[in-house]
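Student: Dropping the structure in here first, questions after.
The values are calculated or read from the model by the stated rules, or taken from the named source; none is laboratory data. As the structure is a computational prediction, the values presented were derived from the model and not from experiment. Please note: Cβ atoms are built from the backbone with ideal geometry, for glycine as well, and neighbour counts cover all protein chains shown. We work out accessible area using only protein heavy atoms, side chains counted, and drop any ligands, DNA or RNA first. Shrake-Rupley method; radii C 1.70, N 1.55, O 1.52, S 1.80 Å.
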Amino acid sequence: MKKIAVIGAGITGITTAYQLMKKGYDVTVFDKQKYAAMETSYANGGQLSACNGEVWTNWKTIYQGIQWIFKKDAPLSINLKPSLHKIGWFLSFLSNVKNHEKNTIATVKMAIESGNILKELLKDENINFDFKEKGILHLCNTEENFNHGLKVNKWLTKAGLKREPLNNNEIQKIEPTINLDNFFGGFFTKSDMSGDIHLFCTQLAEICKKNNVKFNYNTSINDIVHKHNLVELKFSTQNTKNTDTFDATVICAGVSSKFIASKLGDNVNIYPVKGYSITIDLNDKISQKHAPEVSLLDDGAKIVSSRLGINRFRIAGTAEFNGYNKDIREDRILPLIKWSNKLFPKVSTEHYRPWAGLRPMTPNMMPKIGKGKLPGIFYNTGHGHLGWTLSAFSSLLISDILLRTDNLN
């Protein structure tokens, strides 16, 4: 049995460990946090959303970004202080505008397959993570955004996804709690889902542990040395330095993947794009009754929401280019609260918990799944805002790639 190291215990790391465990490998997971899923996989928007597979590399996004650049509460915020990493990333982003349609179709195909794989996993494992199969409503605030959605619908159809255009009356029938003032219409994807990513990760980690997957939490990777087709990891756990050797390593380290890759001669161009969320505690029956059951995506505000059980309402959104900064800014949280008050005025926002996480974004908006330059080095990272959506697919794919490579050696 070959020894495999997985670096990162977020959604991609845990699902990768699970798939490798299922294939019979001896797996060890490393993470700098004390528990699984404590960073970007902690409190995202909760959506498993093939309908949100349109990549951001298009002129519409660029023009909006320019308009929003000096507006503090805009959906997109950019720290204008230059850095070589940021400038290079944006130049590469611009060069990928030509791949907008192609990459959108490819992403949606992955997302559809990922949903199918997740459902198969849930047949085998008993995981309670506030899972809902009620679809996702995509709200458009202008006719222009609605018409853009009709254009994207053609690409979604090519990918095999059905997203139905709706007027406001049809939206109200699906989710009667929404105040639809100032909305033009929208779309509904019945096959999309939602759930609590943190609950899913922590429970899947426990399943892995019961099946002999080892977890080294509170652990920093100090160095990775490639020796004679083996991978030597040097790491520290609670001030104790250790070394272990593995037949292969899969890097699932989110925004840290770039730095690990550079030590191994690989260029994994990931930029940390901060997203924010609030989790509203629905402590009274009025709020519980008037919070939406269906997961939502507001195209104009760039905000998503998901109902997590009876007592929680998660609202997430915004994109902030501000380096490796995880500070929670009040001016980025306030639009999420205002959005809830506007669309769901009977839901109390008195009690909520703010959060911020760094999405690992590649400039072409496509995840890095595959081999590195050196034997035994593999990557499953760079999923951006779709880590939860694509994780079941990408983890199975990287485990298949590793198994094929193993069989050839």
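Student: Within the group R359, R332, which residue is closer than 23 Å to H138 by Cβ, modelled with pLDDT under 95 and among the basic types (K, R)?
Tutor: None of the others qualify; the one that does is R332.
Student: Mind checking which residues of the range 240-266 are part of a helix (DSSP H, G or I), closer than 24 Å to D26 by Cβ and of a type in the set (V, I, T)?
Tutor: Answer for the range 240-266, where residues must be part of a helix (DSSP H, G or I), closer than 24 Å to D26 by Cβ and of a type in the set (V, I, T): just I260.
Student: Another question, if that's okay. I'd like the full set of residues that are at pLDDT below 95 and touching a Leu at 6+ places or on another chain (Cβ under 7 Å), limited to the range 285-316.
Tutor: Of everything in the range 285-316, just one residue is at pLDDT below 95 and touching a Leu at 6+ places or on another chain (Cβ under 7 Å), namely D299.
Student: When only residues in the range 213-252 that are under 23 Å from S394 (Cα atoms) and more than 27 Å from the chain's Cα centre (by Cα) count, which is surrounded by the most Cβ atoms within 10 Å (Cβ to Cβ)?
Tutor: Among those that are under 23 Å from S394 (Cα atoms) and more than 27 Å from the chain's Cα centre (by Cα), it is V231.
Student: Only one of these conditions is not met by F313: (1) in contact (Cβ under 8 Å) with a residue 60 or more places away in the chain; (2) buried (at least 22 other Cβ atoms within 10 Å of the Cβ); (3) aromatic (F, W, Y). Which number is it?
Tutor: F313 satisfies every listed condition except (1).
Student: Give just the number: which of (1) closer than 16 Å to K373 by Cβ; (2) in contact with a Ser or Thr (Cβ under 8 Å, 6 or more places away or on another chain); (3) part of a strand (DSSP E or B) does N269 not satisfy?
Tutor: (3)
Student: Please determine whether any residue of the range 104-118 is open to solvent by less than 40 Å² (accessible area, probe 1.4 Å), in contact with a Ser or Thr (Cβ under 8 Å, 6 or more places away or on another chain) and assigned to a loop (DSSP other than H, G, I, E, B).
Tutor: Checked the range 104-118: no residue is open to solvent by less than 40 Å² (accessible area, probe 1.4 Å), in contact with a Ser or Thr (Cβ under 8 Å, 6 or more places away or on another chain) and assigned to a loop (DSSP other than H, G, I, E, B).
Student: For the range 1-98, please list each of the helices (runs of 4 or more DSSP H) lying entirely inside it that holds at least 3 residues being touching a residue at least 60 places away in the same chain (Cβ under 8 Å), charged (D, E, K, R) and under 30 Å from R404 (Cβ atoms).
Tutor: So the answer is none; nothing clears 3.
Student: Turning to a different aspect of this structure: Give me a count of the residues in the range 185-221 that are part of a helix (DSSP H, G or I) and within 16 Å of F30 (Cβ to Cβ).
Tutor: Residues meeting the conditions: 4.
Student: Just a yes or no: is a residue in the range 341-362 part of a helix (DSSP H, G or I) and touching an Asp or Glu at 6+ places or on another chain (Cβ under 9 Å)?
Tutor: Going through the range 341-362, the residues part of a helix (DSSP H, G or I) turn out to be 341-343.
Add one more test, that the residue is touching an Asp or Glu at 6+ places or on another chain (Cβ under 9 Å), and what stays is 342-343.
The answer is yes; a qualifying residue exists.
Student: Here are some conditions: (1) among the acidic types (D, E); (2) within 27 Å of S41 (Cβ to Cβ); (3) touching a residue at least 24 places away in the same chain (Cβ under 8 Å). E206 meets all but one. Which one does it not meet?
Tutor: Only one criterion is unmet by E206, namely (3).
Student: Pairs only if they're at least six apart or on different chains, beta carbon under 7 angstrom, first in the range 326-343 and over 20 Å from P360 (Cα atoms), second acidic (D, E) and assigned to a loop (DSSP other than H, G, I, E, B); list them, first residue then second.
Tutor: If the second residue must be acidic (D, E) and assigned to a loop (DSSP other than H, G, I, E, B), the pairs left are D331/D73; L334/D73; P335/D73.
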